[in-house]
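Notes follow the structure.
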Amino acid sequence: MKPKILIVDDEVSTTEMLKGFLNKQGFAVTTEHDPEAALNLVREREFDLMIADYRMPKMNGLELIQNVRKIDPVIAMIMISAYGKIETAVQIMKSGASDYLTKPIDLKELLILIDKCIDKKNLLVENIQLKEILQEKFRFENIVGNSSALNEVMSMVQRVASSNATVILRGESGTGKELIAMALHFASERKNKPFVKVSCAALPESLLESELFGHVKGSFTGAITDRKGKFEEADTGSIFLDEIGEISHTTQTKLLRVLQEREFERVGSNQTLKVDVRIIAATNKDLEDAVKAKEIREDLYYRLNVVPIFIPPLRKRREDILPLIDHFIAKFSKENNREIKGMTQEAKNILIKYDYPGNIRELENIVERAIVLARDDVITLKDLPLSVTSSHEEEDKSKKPFLELMTLEEAEKALIEMALQKHNGVQTRAAKELGISERALRYKIKVKGIKN
C-alpha cells in the first residue's frame, strides 16, 4: 500500500510541484490550501504524513500541527519554513512536528526526511499495538500453556467473546474455568464493564437467592436495608456463575427467567428490574445425567448450554505441565521470598507422569509447597509430596507383570520407549541405561518403528 501524504500550503504552485514529484516517487498525495479544510480531511481520512507550510492565512503551521495532533497522535508531520533560524526550528519541533525543512526545498533531502518520518510513525504504531497486546496478555497471565487442547479452548473463546450468547464452561474442578470466564469477558466489548463472580456452591440456598437477585428491607430476618444483587452489580458487564449445578429448583426457576427475559425481582419486592448482562456459567457435573436425575431443569439446561466449552483436565494436556511448573516457581518464589532457580529433571519427570486428580489447582499447591520446604535453591524429588512420588513408585511396580506378559520383541520395544521417555528423548542417555551402544539404539528405533 502506498504511503498517504497530505500537503497543506496556501501557495498553489508549491503544492502542485510537490504533488507531481511525490506521485512519481510512488506516494499517494492529497493537497489542500486551507488549513481548516485540512483539519477536516485528517478527521475523515487516515494519512501517514502531513507536509505543511509555516506561514499560512487563517491558521499558521504551528497551530495546524497542534490541532492535527489532537485528532491523530501518530501521524508524521514535516514543517516547511522560509526561516532557517534556530529559534524557529525549536518552536516547530516543540509544536509536535516530526521534522522540518527550509526553503528553497531540496527534493532529495525531502525524500530522506519522508522515509525517516514514516518509519518513525510506523514504529510508534507498532509500539502502541504491542502495549495493547501486552495489556491483553497481562489480563490472562495465569492461562499458561500451548497444548493443542488449550489452544482449542482459547480459539473458542476468541470466536464467542464478541457475542452476547450464554456460555457454559464444563470440566473437572481445578481446570481453570474461572480464568477462561475472565478471558471471555476481557476479550469482549464488555471488558471495561463489571465482571462479577458468584460461587453457587459456597452459599446456602437461603442466601444464594438474595445474593443473586438482591432483597428489600424487611424481606427476611436480618434484611435491615435494601441490597443490590449480583445481577444488578453486573449490569452492562458479565456475571460468572460457578458450580451452577448446585443451585436449588426454586433458584433455577428464577435464573431461567433471567436467561430468557433478562429481568427479575429482588427478594420481597414486586418491582421488576431489567439488566443487560452476559451470563457465563461453569460446572463440574455431567449436565445430561443431572437432567435425567431431575437435579437440573431441562429447560434451564437448554438455556445454559447455548455455547458449551469443555476445559480438558491436566492429564489430557501434559505438554502444559512444564510451562505451568515454571510459571508457579516464578510466582511463589516471589511471594515467599525464596530464590528458587528451578527444578531437577528427576522431579519434573515425576510431575509430568502424575495424573492430577485436582488438576491445575493441585499442581499449583504442589509447587508452592515445594518452594516453601525446599532445602536448596533447586526443587528436588525429596521436596515433592509423598502422595505424588508414591503414586509413581506404584506405577513402576505395576509395569513389571505387564512386561512379563509380553513377547521378547514387545518387551524390548517397551523398554526402549520407557528409557527414551525417561530421558526426554536423549538417545545417548537412553542407550547407556539400556546397556547398548547409541548406534544399536538408533537401529532398533528404526526397525521397531519407535517414535522419538
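The values are calculated or read from the model by the stated rules, or taken from the named source; none is laboratory data. Quick caveat, the model's predicted, so the values are computed rather than measured. Counting neighbours? That spans all protein chains shown, and the Cβs are built from the backbone with ideal geometry, glycine included. Keep in mind that these areas ignore ligands, DNA and RNA; they rest on the heavy atoms of the full protein, side chains included. Shrake-Rupley method; radii C 1.70, N 1.55, O 1.52, S 1.80 Å.
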- With respect to residue 229, is the statement that it is free of Cβ contacts under 8 Å to residues at least 60 places away in the same chain and more than 23 Å from residue 308 (Cβ to Cβ) true? yes
- Task: Report whether or not residue 124 is at pLDDT below 85 and either among the polar types (S, T, N, Q) or surrounded by 11 or more Cβ atoms within 10 Å (Cβ to Cβ) (or both).
- Result: yes
- Mind counting the residues in segment 267-313 that are touching an Asp or Glu at 6+ places or on another chain (Cβ under 7 Å) and more than 30 Å from residue 218 (Cβ to Cβ)? 5
- Note on the structure: Only one of (1) in a helix (DSSP H, G or I); (2) modelled with pLDDT under 90; (3) surrounded by fewer than 18 Cβ atoms within 10 Å (Cβ to Cβ) does not apply to residue 150, and that is (3)
- Task: Answer yes or no as to whether residue 206 is outside any helix (DSSP H, G or I), out of contact with any strand residue (DSSP E or B) (no Cβ under 7 Å at 6 or more places or on another chain) and surrounded by fewer than 19 Cβ atoms within 10 Å (Cβ to Cβ).
- Result: no
- Query: Looking at segment 259-281, which of its residues are of a type in the set (Val, Ile, Thr), over 29 Å from the mean Cα position of the chain (by Cα) and within 28 Å of residue 186 (Cβ to Cβ)?
  - Reply: none
- Given (1) loosely packed, with under 15 Cβ neighbours inside 10 Å; (2) at negative phi, index of the condition residue 26 fails: (2)
- Query: What tally of residues in segment 412-443 results from selecting those that are open to solvent by less than 30 Å² (accessible area, probe 1.4 Å) and either more than 22 Å from residue 344 (Cβ to Cβ) or part of a helix (DSSP H, G or I) (or both)?
  - Reply: 7
- Query: Restricting attention to segment 43-53, does a residue exist that is more than 36 Å from the chain's Cα centre (by Cα) and open to solvent by 30 Å² or more (accessible area, probe 1.4 Å)?
  - Reply: no
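Name the residue that is most open to solvent (accessible area, probe 1.4 Å), counting only residues in segment 209-236 that are part of a loop (DSSP other than H, G, I, E, B) and in contact with an Asp or Glu (Cβ under 7 Å, 6 or more places away or on another chain).
Step by step, filter segment 209-236, then rank; the result is 217.
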- Message: Condition first: assigned to a helix (DSSP H, G or I), within 21 Å of residue 10 (Cα to Cα) and modelled with pLDDT of 75 or more. Now tell me which residues in segment 79-112 satisfy that.
- Response: 107, 110
- Which residue pairs have Cβ atoms under 7 Å apart, sit 6 or more places apart or on different chains, and have a first residue in segment 180-207 that is in contact (Cβ under 8 Å) with a residue 24 or more places away in the chain and a second that is of a type in the set (Ser, Thr, Tyr) and crowded, with 21+ Cβ neighbours inside 10 Å? 185/238; 190/238; 195/238
- Go through the residues of segment 8-20 one by one and say whether even a single one is of a type in the set (S, T, N, Q), over 16 Å from residue 113 (Cβ atoms) and loosely packed, with under 12 Cβ neighbours inside 10 Å. yes
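I want to confirm something. Restricting to segment 166-189 and keeping residues that are outside any loop (DSSP other than H, G, I, E, B) and among the charged types (D, E, K, R), which single residue is surrounded by the fewest Cβ atoms within 10 Å (Cβ to Cβ)?
Checking each candidate, the answer is 178.
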- Might you check whether a residue that is at positive phi and not hydroxyl-bearing (Ser, Thr, Tyr) occurs anywhere in segment 297-304? no
- strands (runs of 3 or more DSSP E) wholly in segment 271-371 with at least 2 residues that are open to solvent by 10 Å² or more (accessible area, probe 1.4 Å), hydrophobic (A, V, I, L, M, F, W, C) and in contact (Cβ under 8 Å) with a residue 40 or more places away in the chain - which ones? 307-310
- Message: among the acidic types (Asp, Glu) and open to solvent by 70 Å² or more (accessible area, probe 1.4 Å): is that true of residue 32 in this structure?
- Response: no
